[in-house]
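Participant: Handing you a structure now.
The values are calculated or read from the model by the stated rules, or taken from the named source; none is laboratory data. Every value quoted in this text rests on a predicted model; they were computed, and no experiment measured them. Using ideal geometry, Cβ is built from the backbone for each residue, glycine included, and neighbour counts are taken over all protein chains shown. Heads up: the accessible areas ignore ligands, DNA and RNA and are worked out on the full protein's heavy atoms, side chains in. Shrake-Rupley method; radii C 1.70, N 1.55, O 1.52, S 1.80 Å.
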Amino acid sequence: MKPNKALSHITFQPTKMSGDGATIVLSFLPKHFKLFLSKKSSLLVIHSTCINGAKNRIKSGNAALVHIRQPKDVLCKLASSLLQSADSLQDMKKGCKVEADATKKIVIEAHANIERNRKGDRLIECVEVLCVQDDSDAAYLPVNNDEEYFEYITGKNEENPISLKVQRSKIFADWLIETYGKDFLCRGTGVLDVAGGDGETCRNLAASGIPVTLLDPNPRCGDESAFTIIPRPLNGDGSDLISRNDEIGNIVRTCSFICGLHPDQATEPIVSLAIRLNVKFAILPCCVMPSLFPNRVQRKHGDPVRSYSAFCQYLLDMAPDKEEFLVDHLPFVGRNKVIYRSQP
């Protein structure tokens, strides 16, 4: 492999990893790109076609938007090496879309979790640029992290994740008990399950003898004797519920734990309430809903929170000073990332 000479004098800074830290090596044929420069954080967005992909992540021929975040001077040098014509240099620096050299290909290490934007484009978050190559260079074959991928999706001991989809509430409840212990979850008024809808998580916890309350403005579980139901929404940090001088206020104030399996609009409020009450929590984020929450911005880049991966990082960044929220994955198909507060 012979790297492009244009990169020989470029020093790339390591990109901070988030979540589980799994990465894959990919190569792309750049089509055109835009350079967004600022003093705080700069971004190079390359509209590309995948050459060498990774199994079950992205395959050859797939279109993608490659996001590379580096200091301004580093990105300018990299972008210049990809230009089709030197005449486009000034347009590039002005942030205009410019054509890429069709003889170039770029090889990167990227986050293994590949999300899509609202238009359906694959978003590739670059961790490190490995090289830029010409047609005459020997192929740089990427490594596909297949074993790590299948462990991430199915868990270490499961062979058929599709059959587990309907069991996700039980899997989540079992994970809560295994992670925090029954005695801890039984403290106070027990677990507060937010936006639990059909009550499946509540039923599974109650079946293990854990007191649990479903907090949902539109519960779909009918009359239940196994757990308490509060038909109320969770807004903000739950101040309106905490301040109540009744049973509802007491249940919320004295709960031992707060959880949410794909709680949609209540995802961020769960974290806010847990921080306010200083209790543990575990959530599986799902819908980002950027139109409902236009003021969410990423702490590091200041970019709007529009993708699932950006939303997860936004939630992780909510951790109080000197505390770090943790990440795990459950063995079922779909959005199975758990963001949680450390065990007792």
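Table: residues versus (1) among the hydrophobic types (A, V, I, L, M, F, W, C); (2) part of a strand (DSSP E or B).
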site: VAL74; (1), (2): yes, no
site: ASP87; (1), (2): no, no
site: ASP91; (1), (2): no, no
site: GLY95; (1), (2): no, no
site: GLU109; (1), (2): no, yes
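Participant: Exactly one of (1) more than 18 Å from the chain's Cα centre (by Cα); (2) modelled with pLDDT under 95; (3) surrounded by fewer than 18 Cβ atoms within 10 Å (Cβ to Cβ) is unmet by ILE230. Its number?
Facilitator: The single condition ILE230 does not satisfy is (3).
Participant: Tell me which residues, restricted to the range 37-48, are open to solvent by 40 Å² or more (accessible area, probe 1.4 Å) and either under 15 Å from GLU125 (Cα atoms) or at pLDDT 90 or above (or both).
Facilitator: Residues of the range 37-48 that are open to solvent by 40 Å² or more (accessible area, probe 1.4 Å), as a first pass: 37-40, 47.
Passing the criteria: only HIS47.
Participant: Now a separate question. From (1) in contact with an Asp or Glu (Cβ under 9 Å, 6 or more places away or on another chain); (2) open to solvent by less than 20 Å² (accessible area, probe 1.4 Å), pick out the condition that doesn't hold for GLN84.
Facilitator: Against the list (1) in contact with an Asp or Glu (Cβ under 9 Å, 6 or more places away or on another chain); (2) open to solvent by less than 20 Å² (accessible area, probe 1.4 Å), GLN84 comes up short only on (2).
Participant: While we're here: Can you pull out every residue in the range 170-201 that is of a type in the set (A, V, I, L, M), part of a helix (DSSP H, G or I) and open to solvent by less than 10 Å² (accessible area, probe 1.4 Å)? Please lay out each step first, then the result.
Facilitator: Residues of the range 170-201 that are of a type in the set (A, V, I, L, M), as a first pass: 171, 173, 176-177, 185, 191-192, 194-195.
Add one more test, that the residue is part of a helix (DSSP H, G or I), and what stays is 171, 173, 176-177, 185.
Result: ALA173, LEU176, LEU185.
Participant: Could you list, in sequence order, all residues of the range 70-96 that are within 24 Å of GLN298 (Cβ to Cβ) and in contact with a helix residue (DSSP H, G or I) (Cβ under 8 Å, 6 or more places away or on another chain)?
Facilitator: Of the range 70-96, the ones within 24 Å of GLN298 (Cβ to Cβ) are 70-76, 78-79, 95.
Matches in the range 70-96: GLN70, CYS76, LEU78, ALA79.
Participant: Continuing with this model, one more query. Pull up the range 270-289, narrow it to residues that are under 24 Å from PHE332 (Cβ atoms), at pLDDT 95 or above and among the β-branched types (Val, Ile, Thr), then point me to the one that is surrounded by the fewest Cβ atoms within 10 Å (Cβ to Cβ).
Facilitator: Selected residue: VAL271.
Participant: Could you please let me know if LYS119 is of a type in the set (Lys, Arg) and either at positive phi or part of a helix (DSSP H, G or I) (or both)? Walk me through how you get there before you give the answer.
Facilitator: On the way: of a type in the set (Lys, Arg): yes; either at positive phi or part of a helix (DSSP H, G or I) (or both): no.
Taking the combined requirement at face value, the residue does not satisfy it.
Participant: Filter the range 246-271 for residues that are under 20 Å from the mean Cα position of the chain (by Cα) and among the polar types (S, T, N, Q) and give the result.
Facilitator: GLN265, THR267
Participant: Of the residues that sit in the range 202-220 and are touching a helix residue (DSSP H, G or I) at 6+ places or on another chain (Cβ under 8 Å) and within 24 Å of ASP240 (Cα to Cα), which one is surrounded by the most Cβ atoms within 10 Å (Cβ to Cβ)?
Facilitator: Filtering first and then ranking leaves LEU215.
Participant: Restricting attention to the range 301-333, which residues are exposed (fewer than 14 other Cβ atoms within 10 Å of the Cβ) and touching a residue at least 60 places away in the same chain (Cβ under 8 Å)?
Facilitator: GLY302
Participant: Continuing with the same structure: Test LEU234 against the criterion of being in contact with an Asp or Glu (Cβ under 7 Å, 6 or more places away or on another chain), aliphatic (A, V, I, L, M) and farther than 30 Å from ILE68 by Cβ, and give yes or no.
Facilitator: Numbers: in contact with an Asp or Glu (Cβ under 7 Å, 6 or more places away or on another chain): no; aliphatic (A, V, I, L, M): yes; farther than 30 Å from ILE68 by Cβ: yes.
No.
Participant: Also, quick follow-up: From the list THR254, THR267, which one is surrounded by 14 or more Cβ atoms within 10 Å (Cβ to Cβ), under 23 Å from ILE114 (Cα atoms), among the polar types (S, T, N, Q) and modelled with pLDDT of 90 or more?
Facilitator: On the way: THR254 fails: under 23 Å from ILE114 (Cα atoms).
Exactly one residue qualifies, and that residue is THR267.
Participant: Would you check if LEU29 is touching a Leu at 6+ places or on another chain (Cβ under 6 Å), within 18 Å of ASP101 (Cα to Cα), part of a strand (DSSP E or B) and not charged (D, E, K, R)?
Facilitator: Working: touching a Leu at 6+ places or on another chain (Cβ under 6 Å): no; within 18 Å of ASP101 (Cα to Cα): yes; part of a strand (DSSP E or B): yes; not charged (D, E, K, R): yes.
So LEU29 fails the test.
Participant: Being under 13 Å from LEU43 (Cβ atoms), among the charged types (D, E, K, R) and surrounded by fewer than 16 Cβ atoms within 10 Å (Cβ to Cβ) is true for just one of LYS59, LYS97, LYS72. Which residue is that?
Facilitator: Working: LYS59 fails: under 13 Å from LEU43 (Cβ atoms); LYS97 fails: under 13 Å from LEU43 (Cβ atoms).
Among LYS59, LYS97, LYS72, only LYS72 is under 13 Å from LEU43 (Cβ atoms), among the charged types (D, E, K, R) and surrounded by fewer than 16 Cβ atoms within 10 Å (Cβ to Cβ).
Participant: Scan the range 157-182 and report the pairs whose first residue is within 11 Å of ASN204 (Cα to Cα) and whose second residue is at pLDDT below 50 and not basic (Lys, Arg), with Cβ atoms within less than 7 Å and a gap of 6+ or a chain change.
Facilitator: ILE171/LEU164
Participant: Taking the range 226-259 as the region of interest, how many residues are among the β-branched types (Val, Ile, Thr) and more than 20 Å from ALA206 (Cα to Cα)? First the steps, then the outcome.
Facilitator: The first filter runs over the range 226-259 and keeps only residues among the β-branched types (Val, Ile, Thr), leaving 228-230, 242, 248, 251-252, 254, 258.
Narrowing further to those that are more than 20 Å from ALA206 (Cα to Cα): 242.
Residues that pass the stated criteria total 1.
Participant: Exactly one condition in (1) at pLDDT 70 or above; (2) in contact with a Gly (Cβ under 9 Å, 6 or more places away or on another chain); (3) aliphatic (A, V, I, L, M) is not met by LEU164; state its number.
Facilitator: Failing condition for LEU164: (1).
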